[in-house]
Amino acid sequence: MGAIILAFVFAAALASPVAGYTAESGSAAARNATASSSFDSEVGENIRCHIEQLQQDIALQVGSEKVAFNELLSIFYQERKFAPVWTKRKQINELIRAIEGAEADGLNPEDYHLAEIKRFTSDPPSTPFLQARYDLLQSDALFKLSWHLMNGKVDPEKLDSNWNISNGFNGDGLLWRLQNAIEGDSIAAALEQIRPVHPKYLSLKKALARYRDYESDGGWPSIPAGPSIRHEGDRDERIPVLRRRLEITGEAASLATVDTSFADSAMVYSKELVDAVMVFQRRNGLEVDGVVGPRTLEALNISASQRVEQIRINLERYRWFITKLEPTFIMVNIAGFTIQYVENGALTWSSRVIVGEPFWKTPVFRADMRYLIFNPSWNVPPGILKKEALPSMKSDGGYLSRNGLQVIDRNGNVVDPSSIDWAGYSAGSFPYRLRQPPGVRNALGRVKFMFPNRHFVYLHDTPGKHLFDRSERAFSHGCIRLENPLDLAGVLLGWSPEQIESALSSGKTRTVNLSRPIPVFLLYLTAVAEGDEVLFRNDVYNRDAAVLNALDRSFPYKTIESCTF
């Protein structure tokens, strides 16, 4: 019993006299202190062994895991001279509660050694190497959980090489925060400060709890396939199931009376139910027409469990960037086909957008908008030149005139396309560029917004306004088309409509610099929160599965066998 008590050096309140000695026995106290010091020294040496070999492990030298969980952990213990950390029962209990609470953020508590930490806590380790393992498990759990709350568990760069929102080495002072938390006896408070507090994140987190309740209550009934339910007054035997489905998620008001499923009137598509279907369609990014057609039926039959996973996926995506947002920024949600301008923390302007079709995906990245161009010309970007323009020119001599394109040489001169041997060129050897001059046919419309980037992606006007009426708007070659670009130009420049019209009416290309750069975030979110509502969007680029697989993948603790762990 004495060895166990010496091993578990938490606090004086947890200790009891070692068998065979009394509190008055000076020699016993001295021997007890010597044994405790020796034990602590052995625990420290086991911790040192683990940390030193962790530093030398080649497999852990690459990626954010090295930075987040190994190097910071190493520095942390080195600064403590490898002394044990977890000596206060209150802090251990706070850590356990925090790990259990990670589930509310869509994370898996078992990624943070919950079962093993609980087992060690209820059955204290009796040897130095087990005590060292217990200490390291808890520190590893604290660092991992903190990093995952602050930056996400999944490394977005491993899923998409275009991602460029960096976490930095120290995770915004994570090491300093956790050191202070342990020294100041405030583990719970420190983790609450690390957890995202942005209203969008908190609202989506509430939605996760709500949809988990739906799931635990059995979800909702599946609506059988059948002909579209189109008009108010239509009769269909599936109407009672449709009503119940919409009652569960709140689009339709719950009936206060007894079940009328078998009554004749219950089979009628009422105005109330049409309105509820339209609310559902709006929340799910569908055509808001009140028609229960194939796409609406498919969305209605997505299970509660699938929606839970979709919310978890997007909470993770929020953690990748939400703490990096500045007070003023522009955000495009590619999957939601929307753009928002936030100025000093307040939503100032929003609109619908058109993004890249699946073959020409709009990339996810961050850049700074620096200037606008009125009456722009359009230079065909390298990707379109290679994949579309050159192949079309080789098979279709009318391609250039039909699209209003000019051939420009390296000196800026217009070249007669009939003088060019198109068959003799590839995209890599083509010495010209294709340009569409300003005008009503110009693909960029009247204005474009420039945030220089390696993808040649920007925001711009478009002459094809009819496409904005579609519920899904993935039609471009990668750039983002704006429904109301002149409104955005006025907001960003502080110009009146008359000033905007003056810049356009000359017909001349004009560049106007912004007074300061504005961060632009091109992101991909398939579930977002708007107050108490959660808006689901179709996974148009099929990216959700990869995030979920990585999010659910186990996160093992690195065992160093030579340290006898």
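The values are calculated or read from the model by the stated rules, or taken from the named source; none is laboratory data. The shown structure was predicted, so the numbers you read here are calculated from the model rather than taken from an experiment. Reconstructed Cβ throughout: ideal geometry from the backbone, glycine too, with neighbour counts over all protein chains shown. Side chains are part of the model used for accessible areas, which takes the heavy atoms of the whole protein and leaves out ligands, DNA and RNA. Shrake-Rupley method; radii C 1.70, N 1.55, O 1.52, S 1.80 Å.
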Out of R283, R370, R312, I need the residue that is open to solvent by less than 30 Å² (accessible area, probe 1.4 Å) and basic (K, R). Which one?
R312
Going through (1) in contact with a strand residue (DSSP E or B) (Cβ under 7 Å, 6 or more places away or on another chain); (2) without any contact (Cβ under 8 Å) to a residue 12 or more places away in the chain; (3) within 22 Å of L467 (Cα to Cα); (4) surrounded by fewer than 16 Cβ atoms within 10 Å (Cβ to Cβ) one by one, Q340 fails only at (4)
Determine if the stretch 478-496 includes at least one residue that is surrounded by 15 or more Cβ atoms within 10 Å (Cβ to Cβ), part of a helix (DSSP H, G or I) and free of Cβ contacts under 8 Å to residues at least 24 places away in the same chain.
yes
Residues located in the stretch 97-140, provided they are of a type in the set (V, I, T), more than 29 Å from the chain's Cα centre (by Cα) and open to solvent by less than 30 Å² (accessible area, probe 1.4 Å):
I117, T121
What do you reckon, is P382 farther than 24 Å from P497 by Cβ and in contact (Cβ under 8 Å) with a residue 60 or more places away in the chain?
yes
Could you tell me whether the stretch 250-261 includes any residue that is of a type in the set (A, V, I, L, M), in a loop (DSSP other than H, G, I, E, B) and touching a residue at least 24 places away in the same chain (Cβ under 8 Å)?
yes
Can you find even one residue in the stretch 438-451 that is out of contact with any strand residue (DSSP E or B) (no Cβ under 8 Å at 6 or more places or on another chain) and of a type in the set (G, A, S)?
yes
Taking into account only those residues within the stretch 211-240 that are in contact (Cβ under 8 Å) with a residue 40 or more places away in the chain and basic (K, R), which is most open to solvent (accessible area, probe 1.4 Å)?
R230
Among strands (runs of 3 or more DSSP E) entirely within the stretch 388-457, at least 1 residues that are within 28 Å of V512 (Cβ to Cβ) and aromatic (F, W, Y) occur in 447-450
What residue, among those in the stretch 487-510 that are of a type in the set (S, T, Y) and more than 8 Å from F374 (Cβ to Cβ), is modelled with the highest pLDDT?
S496
Could you go through the stretch 187-195 and let me know if any residue there is within 19 Å of the chain's Cα centre (by Cα) and either crowded, with 20+ Cβ neighbours inside 10 Å or part of a loop (DSSP other than H, G, I, E, B) (or both).
yes
Just to be sure before I move on: is R282 assigned to a helix (DSSP H, G or I) and closer than 30 Å to V364 by Cβ in the structure I sent?
yes
Anything in the stretch 407-447 that is within 26 Å of S505 (Cβ to Cβ) and open to solvent by 60 Å² or more (accessible area, probe 1.4 Å)? List them, or say none.
V414, V440, R441, R446
Can you name the number of the only condition in (1) on the phi < 0 side of the Ramachandran plot; (2) surrounded by 11 or more Cβ atoms within 10 Å (Cβ to Cβ); (3) free of Cβ contacts under 8 Å to residues at least 40 places away in the same chain that G404 fails?
(1)
Quick check, is V380 within 24 Å of A489 (Cα to Cα) and modelled with pLDDT of 85 or more?
yes
Being out of contact with any Gly (no Cβ under 6 Å at 6 or more places or on another chain), part of a strand (DSSP E or B) and under 19 Å from A529 (Cα atoms) is the requirement here; does R366 meet it?
no
Considering residues that are surrounded by 15 or more Cβ atoms within 10 Å (Cβ to Cβ) and assigned to a loop (DSSP other than H, G, I, E, B), the number found within the stretch 458-476 is 6
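Residues are listed down the side, and each one gets a yes or a no for (1) closer than 30 Å to L204 by Cα; (2) part of a loop (DSSP other than H, G, I, E, B); (3) modelled with pLDDT under 90:
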| position | (1), (2), (3) |
| --- | --- |
| S74 | no, no, yes |
| A98 | yes, no, no |
| P124 | no, yes, yes |
| R133 | no, no, yes |
